[in-house]
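Chemist: Mind looking over this structure? Questions follow.
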Amino acid sequence: MSPEVRRRRLARIAVRALLALVLLAVLATAGVFAAVGRGGPPQTEARLGADPRLEEPDTFPIPKVEAPDVVGWPAGVTPTAPEGFTVTRFAGGLDHPRWLYLLPGGDVLVAESATSPKPAESIVMSVLSWLRRNDGATRERSANRITLLRDTDGDGVADFRGTFLDHLNQPFGMALLRAAPPYAVEPDAPPGTEAMFYVANTDGVWRLPYRLGDTRITAPGEKILDLPAGGYNNHWTRNLFAAADGSKLYVTVGSGSNAGEHGLEAERGRAAVLQVDPGGGGARVYASGIRNPNGLGLEPATGTLWAVVNERDVLGDDVSPDYLTRVRDGDFYGWPWSYWGHHVDDRVTPARPDLVARASRPDYSLGAHTAPWGSHSPRGPRFPRPTGAALSSVSTGPGTAATPSDTRSSTCRSPMACPAAGRGTSSPASSPTPATARPMDAPSESPSTRREASWSPTTRATPSGASPRAGDTVWRVAPRR
């Protein structure tokens with residue numbers, strides 16, 4: 001074969017390969033747009049609670065998405081509160097408020113941090129990222145600080161704010177303990193009390209000396225626990241929660257993938273709730289197989305640790321349910337091999353029927369792709385008190401489903417714990433598309449502060465497309481007097 005013939009043949013092969021790639025790209029893009037319009041029936045009460053109805057997985061190869069366009073809050077408009085409650089703008093002008101912590105005395109700490117952009121892994125994911133460009137999930141930069149808000153005159157609006165701690169790395173969870181036993185800090189601890197402040201960055205937990213009443217931490221701190229940084233989607237968040245007596249800290253670490261597609265070695269130390277001593281010793285996995293746990297809290301009647309969990313994607317609009325569940329020592333919740341107990345995810349190899357067999361079934365379904373982030377137990381005599389205990393969760397609404405789902409606050413109730421009778425309520429907090437913002441947390445103030453209230457930061461706004469004011473507010477919800 002002459003060199004000229006060889007060159008012509010290679011040129012034809014190259015042209016055909018290029019055309020094939022273009023065709024594949026066109027088909028993939030068309031599939032993505034088709035997926036945007038593919039939605040199942042809206043989520044119903046049948047898919048919520050202790051015994052939800054689970055649909056068969058949808059094997060459509062391209063993820064569905066109905067991303068909201070996040071817009072700013074119109075003048076005079078606030079989130080909807082239950083009857084008998086009022087909502088006020090406690091503070092605005094924040095930079096992506098992501099988590100809250102209440103200090104003794106009533107000061108509110110706000111972790112300002114955001115998801116950092118990263119290159120898409122495929123053409124399909126590039127298109128999906130473009131479709132979700134206005135949903136407020138990603139910022140060009142993260143503020144990486146904690147801001148202190150103080151209401152000095154008791155009118156329900158913060159009139160002082162200052163930088164409490166900065167130069168952090170995607171801070172999220174916070175806790176306050178004493179430096180030595182007994183570790184727990186009393187809710188009515190006076191100003192000047194010496195304590196240790198803990199913050200969970202995406203790559204580790206730090207503790208720093210802090211004196212109650214100070215508006216800023218200036219003393220150097222120490223890193224007491226290394227954590228694997230980042231993670232799949234928004235799995236960089238690290239919730240932090242102290243046991244009632246302060247003797248242990250619990251840390252959440254989300255998975256590094258959707259369903260183990262990067263290999264299980266990459267998931268070491270992930271998809272778990274970790275336990276560590278206040279000084280950093282004794283670190284271990286407390287519970288595992290939990291894809292993206294968050295919103296740790298104690299159920300007050302039993303002292304049991306609970307969490308909300310974001311489950312896996314790309315199995316359809318209705319699979320698998322995000323949930324609220326007890327977290328006990330040694331619990332295993334199936335990820336990545338199974339979901340909602342023994343429902344096998346066939347995408348995961350090698351199969352592990354032995355682990356599927358021991359997977360715990362969660363306590364309470366919050367519906368698929370509802371993205372719950374916070375859980376808490378309201379405190380104070382003016383809050384509505386169901387019979388026995390109550391735990392509430394806050395959900396932001398979907399980012400990977402074609403069927404819109406309201407931003408919701410769900411409450412499960414029973415004489416002892418939520419799953420005992422499986423009772424619960426679910427109420428919308430805002431409309432799904434377009435969305436003014438998405439609530440991220442709702443901690444309750446201690447009755448000792450004499451101002452019963454809950455706070456919720458609305459977050460997820462992007463610099464381009466979405467309003468920069470859509471995610472800048474902390475709202476205060478309090479009983480109407």
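Derivation of every value follows stated rules applied to the coordinates shown; laboratory data play no part. Computed from a predicted model, the values in this text were never measured in an experiment. Counting neighbours? That spans all protein chains shown, and the Cβs are built from the backbone with ideal geometry, glycine included.
Chemist: For T88 and E222 in one chain, what is 0.36 nm times their gap in residues minus the Cα-Cα distance, to one decimal in nm?
Modeler: Stretched out fully, the T88 to E222 stretch lengthens by 44.5 nm.
Chemist: Something else: What full-extension length gain, to one decimal in nm, is calculated for R358 and V157 as 0.36 nm per residue of separation minus the Cα-Cα distance?
Modeler: Extending this stretch completely gives an extra 67.4 nm.
Chemist: Sticking with this structure for a sec: Sorting K118, K248 on the 10 Å Cβ count, fewest up front, what's the list?
Modeler: So the residues, fewest neighbours to most, are K118, K248.
Chemist: While we're here: Which length gain, in nm to one decimal place, applies between R8 and T349 when the Cα-Cα distance is subtracted from 0.36 nm times their residue separation?
Modeler: Answer, rounded to one decimal: 118.4 nm.
Chemist: For L225, list long-range residues whose amide hydrogen, built 1.01 Å from N in the peptide plane, is under 5 Å from its own amide hydrogen.
Modeler: Amide H neighbours of L225: V205.
Chemist: Shifting gears a bit: Can you sort R12, R361 from fewest to most other Cβ atoms within 10 Å of each residue's own Cβ?
Modeler: The most exposed by this proxy come first: R12, R361.
Chemist: To continue, here is another question. Rank these for me by crowding, W306, W73, going from fewest to most other beta carbons within 10 Å.
Modeler: W73, W306
Chemist: Okay, next question. I'd like to compare 167-175, 309-317, 296-304: which one has the highest average count of other Cβ atoms within 10 Å, and what's the full order after that?
Modeler: Going by the mean number of other Cβ atoms within 10 Å, highest first, we get 309-317, 167-175, 296-304.
Chemist: Follow-up. Say R0 is 45 Å: what FRET efficiency, to the nearest 0.05, do S116 and A184 get from their beta-carbon distance?
Modeler: Given R0 = 45 Å and the Cβ-Cβ separation, E is 0.80.
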